[in-house]
Every structure is written in C-alpha cells, then in structure tokens.
Amino acid sequence: MISIFRYITRQVFNLGQPLAEEIPDVGPNNEEEESSGEEQLDESTETNSVASFHDGQLESNDEAKTDSVSADSGVKVSTDVTEKKKVKDAIKSFHCDKPIHFKTLPRSILGVVVQQLERTIQVDTDTDTESVSFNIDLDKIECTFSPRINDYVLMECNVELGENNQDEVASVVKVTPSNMQSKMKRKVTRVYQDWVVLSDFSYVLKENCPITLHLDDNVLVDLIECKFLTFTNRAINLEVMEKTFATAKKESTQHGNSLFRNLPIVFDGDRAFFTELWKTFTVEVKVTNKMHRIAEMLSVKVLEESSSQFTLIYPKNPIDIGINKSIVLTFQVNTETYGEFRERFVVTFDKFKVTRSYAIVVARTLEEAKVAETLLMAGDYHFVPGKTTNQRNRLYANKVWANEFNVIPGEYLRPRIRFVAVRLQQYEVPKKLSEMFFTLEPRSHMKETVEQEYPQLHLPLTIDNYKEKFSLFLYFDEITVFYSFRNFDIERGRFQRDGDFLSLRVENLAERRPSLVVGDSVHAVAICQVDKISKMKFEGVIHKVMYDRVLLKFHSNFQTNYVNEEYRVEFFFSRYALRKQHYAIGRIVENMGESFLFPRKLVKRDYPQLDIKMNEKYEMFLFDSKIDWYNPLLNDIQKQAVFNILRGESDNMPYIIFGPPGTGKTVTMIETILQIMHCLPQSRLLVATPSNMAADLILQRILDSGSVPKDQIIRMVSQNQIEKDSIPENLKSYCGTLDLSASGTMGTMEEATTSGMRLGCKKDFIGRRRVTVSTCTTMGSLLQLQFPSGHFTHVLVDEAGQCTEPETITPIALLSRKRSQVILSGDPYQLQPVIVNSFSAANGYCKSFLERVLEFEPYSKDLNRFPTTSGYNPFVVTKLLNGYRSLPSIMTLYSEIFYDNDLISNVSATDSPQEKVLAKVQGIFPPDSKMSPSHGVVFIGVLGENLQDDDSPSWYNMIEATEVFMMTLAIYRCDVKPNQIGIITPYVKQVHTIRNFFVDNGIDMPKIGSVEEFQGQENDIILVSTVRSAAALLKFDARLGLGFVRCNKRMNVAISRARSLLVVFGNPFLLAVDDKWRLLIQYCCENNSYFGCDIPDSILAKESSPDVDEDAESWSSNDSFESTDFVA
C-alpha cells in the first residue's frame, strides 16, 4: 500500500519536492529509495544550518574531527580539534590583556538556601571544583517568590572569564525556584503550629496559608523543590479546594472505621482529642471479625513510626479472632505538639491486609477541640461503606435522599404564584423504588429486584400500562440525575458576597455534566448540625451560572446575616420539567386516546381537513384559487408532503415527515407552518423542538419568509436562557416568558426589556398568537393555564427522533382529539434521545415516539402497495429523497447502507461549491492512487492502541489522534479554514486528546466533538476517528451503546455530516466485524480511496465477517465505561 502518512507528513511541512518524486515507488528497492530520498530531503531543508550531515546523521561532537560540505558553498571545511583548542586558548589570553572588549554572559547556577535574614539569603552551590556561597540582597535583585531555608533556587547571573581561565560571577540578577510544579493537588495529613504536612512528601508554612487548614483538607498548590527532612517539595500559592463527595469517595477505603459495618473486619474507634502537652495517653480500636471463619491477625504496624506520636502497645504477637468476636488494639499517644494528625497503621491478616487511620487532635482549649471534632464529623458525612465506588455512590446518594431536614426556602427568580389554574402534583419517586436503587446489593441483584417489583417493564407497551410504564422511566431518570448531582456536593463550603447574591465557587463548573442551570438549588447545612440534633437546611436558588461559580439567593435572614461560616452544601436540580412530563403522560391518554398512541389501522376523516387539489405541475388549488408556494425552490416530494398534511385525510393519527440527512426536513416544516397559517385562518400552532438551538432556527426561518406578522408569533423561552444570554439578539423582541397565574388573579407584572423581550406573558397574550415556538418541555408550562378544548389545533415537532416519548407528547397533550393534527419531522435512522439511565434504555425508553409509530402497519414500508412513494402510505408518511448537502459519492455511501439506496443527490459532482472544496484538497492524496477527483470518501487504516487513563473511564487512541492532527494540518495548507472542518469521535477522551494537539502547538482548532454534538450539523470536510483497536471491547461498547461498531445510528450521523470530503481513520480488521462498516471499507477499496495499513482478507474477498461474539477476546464486566448511570 502507498504510505499515505509519509506523504501527508511531507505535505504538512511543505518540503518542496515535486509530488511525483515524493512518493516512493512500490517495489523490491523501495526501502533503499526511501532512504536516499530522506538524505536528499535533509540536505534540502537544512540550507542555512552550520551543522553538517554525515551518513544521514547530524554531527555535533566537538571532539571528533569531521569533514563536511557547507550547504551554502559546497566547500570542504576543516574542523580539526587541535585548531579549535588553539583558538580557544588565544581567546582566553586576549581576555586577560584586554577584558574591556568582552561582555559578560548570562548563566544559570543551581543552589540551596542555607541561611535567611530579614532581606538577605545565603545560597550554597557546588561547582566542578569547589563549594561557593553567595550572599544575596533580595532588595537589589528580581525575585519571583519568597525563598526560605532549604529551598533549591536557580540564580540567573552575569558571568565573565576570570584569571586562570575560570569563570567568575559578576552579579546575581534574578532568583527563581529551581523547579516549580503549578496547580498540584495535595491533601493535608498533619497540622503543626507553624507548618502543615501535605501528601506526597510536601509541606507548607503557615505563612503561605490564606486560611486555617485542617486535617483532610484538599488544597491546590504550586510546589518548589527543597531538601527538608523527608520532604522534597515546599508549597506556595496555596488555595483550598472544595471537598466534594466525588473526591471523598476515593478516600473511603482509607478511613474505614466505624462507618464500614458491612465489611468482614470492622474497626471501631478512629479519633481522639487532647488539650494537654507532653502527656502520655492510651487509645483503643476495637476490631470485630464478621467473617464465617477465624481471622488470623499476624501483625499491626504503625506507618512512618519515626515521625509519629502513635505507638502500638497491644498486641505485639499474632492473635486469632473468633467468629463474631472482637479484640482491642491499644496504642500510646504522646502529645508532643499542638496540631491535627492522622496516624496510619496496617493490620496484616493471614490472607489480606487492612490499612486504617486514627485522627489525633491536640488543642489548646476545649473549644478548639470541639471545632476540630465538628470538622471531622462533617467529613464523615461523605464517607460511606461499600467495596466498590459504585456501591459507595449509591449509599451516599441514599443518605442525602433519605435525610429529613426542615428546608427554609430561598428566593426564586420570580415570585411563587399562589393561584394557578392547574397545579401540578409533586410526583415523588416511590420510596420502595429509591431503596431498590440505593443499596449495597450488586447491580445484578438490584436489577432483579426492580424487575420483580415492576414486571410491566418487560411487558409490551399498551394503552393500559402506558402511564405506569412511562412514569417509571421518569422516576429512573430522576434517580439517575439526583445520583449524578452528588458529585457536586461540598463537604465544607464558604459563600462570598457578590452584589445582591451569595456566590459559591464550583470547580470545573463549565465542564461538568450534568450542567447546573438557573432554577436549580443548593441546600446549606451548618457543619455543627451534622450530628442531626438540629435538622435544618437553608435553600439557595441559583440565579446565575458563571464560569466557575454560581450566584445564589437564600431566605432574606440567611442572606443578610451570613458571615463567612462553613456549610456542608448539597446540590439539587429543578424537578419542574419532570413534573410536566408526568402530568402530560396522564393527560395524553385521556385527550388523544389509543388510536393516536397506538395507530394500528388507518382511519380516515369523513371530510379532509382542507379540500385542496394539486395538479401534475405540483400547483395547489383551493377550489378555483391557486395557492402560491412560499418557497418556490421546494422539490416535488417536499410539495407533496405539504399537500398531504394540508389535506389531512387521516383521523387522529400523527403525520410523519421522514427526512434522511440533508434532504430538507426543516425547509419542509417551515413551508407547512406557513401554509397552515394561510389556508386555515382559525388554526393555532405549537411548534416544538428538542433543543433551544433548534427552536431558534425554526423562528429565524419563519421570520426570513417575511410572511408572519410580529404580533402573530412568539418564542417562549425559559428564565435560564435569559440569564445565560443565549438568545440571539435579533430574535429577542419575539421572545417572552410565561406568567402561570390564573386569569383574574394577581400574578407577576408583565414587563418589556430594552431588547423588546416580554417577561411574564399572560395567558390571554399567549392565546392570541397564531404560532408559539419553544422546546417540548418549556411548552409543557402551557398545560397549567387551562386553555379551552380545541384552542390549539396543530402541533409540529421538529427533530422528533431526538425526543423521548414523554417530551414529544408534552405539547401534544394540549390538543383535543377532534379538530387537531400532529406532524412529526425526523429520521428514525439517526441518533435517538439521550437516556441517562441505562436500565430505562434497555427497556425501550430510548425509542422515540416517531420511531415507535413507524413500527405500526399503516406506517410500515410496502413497495407493492405504494411503489411511487418509496413504499410509504402518503396519508401518514412522506419520505424525503432529494439531498442538498453532500457530493454524490458521499450521499451514495449512506444511502446504500441505511436508506435502501433511495436518496437522490442534487449536488453536482463537477460544478458545485462542494466540488470546488474537494478539488482544493486533492493534493494531500497521492496522485497515482487512481482515486477519482470527484470521489469524496476516504478510509485510512490505522493499527493504533486503545488507551485509558487511571482517572478517566473514557478511551483514546494516540496514534489515531496524531494522524487526524497531521491530516488537518495538510488540509490547512490547501487554504481551507478551520470552520470548514469538523472532527468527530465517539469518546470524550479522544476529543480532548485531539484538541490538545492544537492547543499545545498554538494552532487554530476546528470543531472537535462527539457524534451527538454534530447531530443536525454539517461541514465541508469531516474527519472521523473511530478509536477502537481491540476486539475484546466490542461487546462492552455494544451493551452500553458506545463507540461506532454495532451502533448504526451513531455511524450514520458521523458519515453523513460531510459536504465535500469524508475521511475515516480506523482499524479495518476490527471495523470489518460490523456489516455496515465493512461496506464502507469495501466502498473505499472499490474507488481506490483506501490508504494506510494492509486491507483485511475479508474485505478483499467480500467474505462475511466473523462473529465478534465467537472470535473476539473475552471482556471484563468490571471494565470502566463512559456513562453517568450507576445502573448499567
């Protein structure tokens, strides 16, 4: 195979050889010719170098005599060692006679601070011949930190050549740490009077601590090298980190004292408090054997005993502990200094070891001891039992879920409304269900318990179990999100005043998932209340979400009187969206009934919705009046879809616009909206989308038509969008928020912002609008206004395939069975809705309403009955076929694989903007590859390696990431801009790995993201990194819906985003196990667009792929994976 990597590398660096000469010939002498080419290449690129090449290697050894050719003149230059020595001696001699002609030279010298006065330090340094000391006045030099005794420093000096050919330091101009590590995470392990011991052989002086540190605090520090006792680093620029459950759970196994009741060996006793110095005390730790056999305890050893105040007294010898019996470990404590210390000891049994810790606090007063005890108790709240992280996650979540504190409500963004026409129930998760999830039982046992208690999970969905089953899915969602929010919880948090708000810093807030949004809240519990004697929490409502902090408003008493106290902080999400969906699934059954939710047969109206006709020229007429198209560029199939919807001959059945990638679903939806408004004057439309971005796009397209007066349309937005300032400026005057107060009652005052946005729109204001655009869940707020039956006549849901069924039916629940129509637009072969709970996904919740409806007989494909409409009944479905996005070579690929080869490209392969982009980048591929200039699909075989970091469950492939980066640089050289390129990969870690290549090298970055981030997007050029290179992990990915292999919808989205060029990087031997990936690789082979590693025989022979279940290596069920779900 042609080495595409070698070729691209040369293109990236613009090495200046003719293209044909740069490609090595394929033949027996290929290796020699490549070597020769490299020598020629090296000479041509080093024309300004004073160094020389000899046998392909750069000669840099001064002691060797070499003859080399000057790249500039071609003249032989002698570099005899003797001549060099003569020159050097002459220079030294001249320096002695005429030193005025010489300038001092900078030099860096390493030393250690051995003495420190008020503004002077003494630094010792060892040279090759002697030890030298420097006395440095800190006021006369530049110093980047405050040096202390034992610090290693780097002195930047001016050096001149002295007598006897020795260098002499003329002056020290700057002192810096010899080596600094920035933003390192450390943990407080001991607290002394003047200094604090940190983990990993580090310490910090109290003078460098902005606040008082306590045992087990997490800190972020800059570390400098030192030599003090056993420490190798001193910390400066210290910042206390939030201590969350996410960090505490990693430490649980080190503090397993009385908290760990379910373990085979239980330790009771883990702390003691003293107020007297230079005294000797004894402390005890009770050890209980919970195993079903005798435990042989071989030894107990105190760690770091030389620096410990902790000494073992008993037992000194091995001892047996009977079944359910206990012994007492006795330790002696010598209170030699004030402070807080965590002493660690190891207990060795016959078949295992257990490491435990004991906290010792020596305080000056009882009050200080009480404070220290309270802080340790606060830390205990985050420590929970469990052998695995998953078990600890669940038990801690249950602890927060089950606590019964009185909550003092905070101040909401808008005053709470007392009188609402329809008040939603709370729809609390049943207690027995939460207890099933938050348990120590293995996941398999938990799953069995849930399935036994809720057998309807495995039953087919029917009208009888519809409400119960979807309610259960919503409960699963709530439990999972609640569980995920626990990683935000902070053990000891302080609020800061920020104008009218109290702010709380949250680390990595912008990158965390799930995201915090306006309307979510925190509960602040005073640390002194962790003993639960006083059960009170203060709720703080999130009013703004900043980059690294949230702005909160509590009850006025708390807000006014807060003075920097520490609180345990728990985070909670707003349940309002879930409550609206709970209400909707009950109402939809009543309003629309079984014929709508389960359309098993085609039911036609007695009369069409609108008695219009269409001729062979696709012109519409209502009686004798011609109806003009708002968009004259619609193709015939799009016009037919609009016509079918306007006639509306099916009764109480959703109409589906089935739109493959790039076929104009949204364009068809816009024309449908405009025509319904024009032809049905009494209609009122709800246009719903899964996301705010999609809703903004719909609104913009409607406005671009110029056919809808401003007083006829409103875009409903949430307060969260307003606070985030995410609404496009030109759309703000069409947007508004909702006032839910019942008619005739005092609600919030309606007001208009300077941008024209209306806040607190009343029911009457919304009801007069012909078109309301919003997301599905925001639309659910209208359910509380109690509009009369039949007020809204049409619901149109764009990208319905990305909505869960409860989301889709939320706006539909506003309709009545009579005099209404529902239009769903989407593609069942693209991405499904994102389901956070894998238990729900495994039981069908990931299937959208659109996809489920398409499974019923009236919507199924039947080419015998409907040969002219791609096999679909035009009364209920139109499949769009004309593609406007991709070159024919790209569209042909995903049309054959996913769409029965139905799609028709409307993009010219010879004269189109897409073709021009492809022509620009043709030079990055070898010209003798016989690939057609109009072919836009390339596969590059890479035999990389799956990698996974210890602190991340995600996967990456460094070799593949490197090739993607190099390809991007080659494309840049073809005058392609970053915004024309998209890079898609299924793993978050691979996204970060590829991004780092651009960030670290200061190069403009294209959009890089997951498949989900590219749904609905398109770019001229798409590069796809598949990552996987190990067959052993394929089952694992398939079970969790990760990666590309055996995930057709994710593959479809990835390969259908490109307009001009699609380049896929992957391991062909692995991808070939999947039928659809094998078709893609074969497609590239047939079109001479396969490069890289050898092609698998199964591809060349077009053989069926081996079954990965039989041939792939076994995989471990304990492998980590990318999921926020604790059920999977």
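The values are calculated or read from the model by the stated rules, or taken from the named source; none is laboratory data. These numbers were taken from a predicted model, which means no experiment stands behind them. Virtual Cβ from ideal backbone geometry, glycine too; neighbours counted across all protein chains shown.
List of remarks:
- Positions within segment 518-544 being assigned to a loop (DSSP other than H, G, I, E, B) and modelled with pLDDT of 90 or more, in sequence order: Gly519
- Scanning segment 615-640 for residues that are assigned to a loop (DSSP other than H, G, I, E, B) and under 22 Å from Ile904 (Cα atoms) yields Glu616, Lys617, Tyr618, Asn631, Pro632, Leu633, Leu634, Asn635.
- Each residue in segment 160-218 was checked for being small (Gly, Ala, Ser), closer than 30 Å to Glu565 by Cβ and either surrounded by fewer than 18 Cβ atoms within 10 Å (Cβ to Cβ) or at pLDDT below 80 (or both), and 1 of them qualify.
- Verdict on Gln990 being over 15 Å from Gly1066 (Cβ atoms) and either surrounded by fewer than 20 Cβ atoms within 10 Å (Cβ to Cβ) or modelled with pLDDT of 90 or more (or both): no
- Matching residues, segment 834-868, being in contact (Cβ under 8 Å) with a residue 60 or more places away in the chain, hydroxyl-bearing (Ser, Thr, Tyr) and in a helix (DSSP H, G or I): Ser838, Ser840, Tyr859
- Segment 545-561, residues that are in contact with a strand residue (DSSP E or B) (Cβ under 6 Å, 6 or more places away or on another chain) and assigned to a strand (DSSP E or B): Arg549, Val550, Leu551, Leu552, Lys553
- Residue within segment 766-783 that is modelled with pLDDT under 95, more than 25 Å from Phe849 (Cβ to Cβ) and in a helix (DSSP H, G or I) present: yes
- The condition (being under 30 Å from Val988 (Cβ atoms), in contact (Cβ under 8 Å) with a residue 12 or more places away in the chain and more than 22 Å from the chain's Cα centre (by Cα)) is satisfied by just one residue among Leu502, Leu552: Leu552.
- Among strands (runs of 3 or more DSSP E) entirely within segment 451-506, having at least 1 residues that are modelled with pLDDT of 90 or more and buried (at least 19 other Cβ atoms within 10 Å of the Cβ) singles out 501-505.
- Considering only residues in segment 620-647 that are β-branched (Val, Ile, Thr) and within 44 Å of the chain's Cα centre (by Cα), the one that is nearest to Thr868 (Cα to Cα) turns out to be Ile637.
- Taking the criterion of being under 16 Å from Gly339 (Cα atoms) and in a strand (DSSP E or B), the residues of segment 174-223 that qualify are Lys187, Val188, Thr189, Arg190, Val191, Trp195, Val196, Val197, Leu198, Tyr203, Val204, Leu205.
- Meets criteria (surrounded by 15 or more Cβ atoms within 10 Å (Cβ to Cβ), under 30 Å from Arg568 (Cα atoms) and among the small types (Gly, Ala, Ser)) for Ala295: no
- Identity of the residue in segment 1067-1103, under 15 Å from Val1024 (Cβ atoms) and aromatic (Phe, Trp, Tyr), that ends up surrounded by the fewest Cβ atoms within 10 Å (Cβ to Cβ): Tyr1083
- Check on Tyr547, at pLDDT 90 or above and of a type in the set (Phe, Trp, Tyr): no
- Some residue of segment 298-309 being free of Cβ contacts under 8 Å to residues at least 40 places away in the same chain, in the same structural domain as Tyr358 (by TED's automatic domain parsing) and surrounded by 15 or more Cβ atoms within 10 Å (Cβ to Cβ): yes
- Qualifying residue in segment 719-729 (condition: of a type in the set (Gly, Ala, Ser), at pLDDT below 85 and part of a loop (DSSP other than H, G, I, E, B)): no
- Flag if Ile714 is more than 17 Å from Val667 (Cβ to Cβ), modelled with pLDDT of 95 or more and out of contact with any Asp or Glu (no Cβ under 7 Å at 6 or more places or on another chain): yes
- The one condition in (1) modelled with pLDDT under 95; (2) in a loop (DSSP other than H, G, I, E, B) that Leu815 fails to fulfil: (1)
- Qualifying residue in segment 919-929 (condition: of a type in the set (Ser, Thr, Tyr), in contact with a strand residue (DSSP E or B) (Cβ under 8 Å, 6 or more places away or on another chain) and under 14 Å from Ser1025 (Cα atoms)): no
- Filtered by the rule that a residue be farther than 18 Å from Thr804 by Cβ and free of Cβ contacts under 8 Å to residues at least 40 places away in the same chain, segment 457-495 gives Leu459, Pro460, Asp464.
- Segment 868-883, residues that are surrounded by fewer than 17 Cβ atoms within 10 Å (Cβ to Cβ) and within 17 Å of Asn1052 (Cα to Cα): none
- Residue pairs meeting the criteria (Cβ under 6 Å; at least 6 apart or on separate chains; first touching a residue at least 12 places away in the same chain (Cβ under 8 Å) and under 16 Å from Val518 (Cβ atoms), in segment 407-421; second hydrophobic (A, V, I, L, M, F, W, C) and crowded, with 16+ Cβ neighbours inside 10 Å): Gly410/Val541; Gly410/Phe554; Tyr412/Val541
- Residue in segment 695-708 that is assigned by TED's automatic domain parsing to the domain that holds Glu805, over 26 Å from Asp764 (Cα atoms) and either of a type in the set (Gly, Ala, Ser) or touching a residue at least 40 places away in the same chain (Cβ under 8 Å) (or both) present: yes
- Meets criteria (surrounded by 21 or more Cβ atoms within 10 Å (Cβ to Cβ), at pLDDT below 95 and outside the structural domain of Phe437 (by TED's automatic domain parsing)) for Ala841: yes
- Test: residue in segment 1007-1018 that is in the same structural domain as Ser934 (by TED's automatic domain parsing), surrounded by 24 or more Cβ atoms within 10 Å (Cβ to Cβ), part of a loop (DSSP other than H, G, I, E, B) and at pLDDT 90 or above: no
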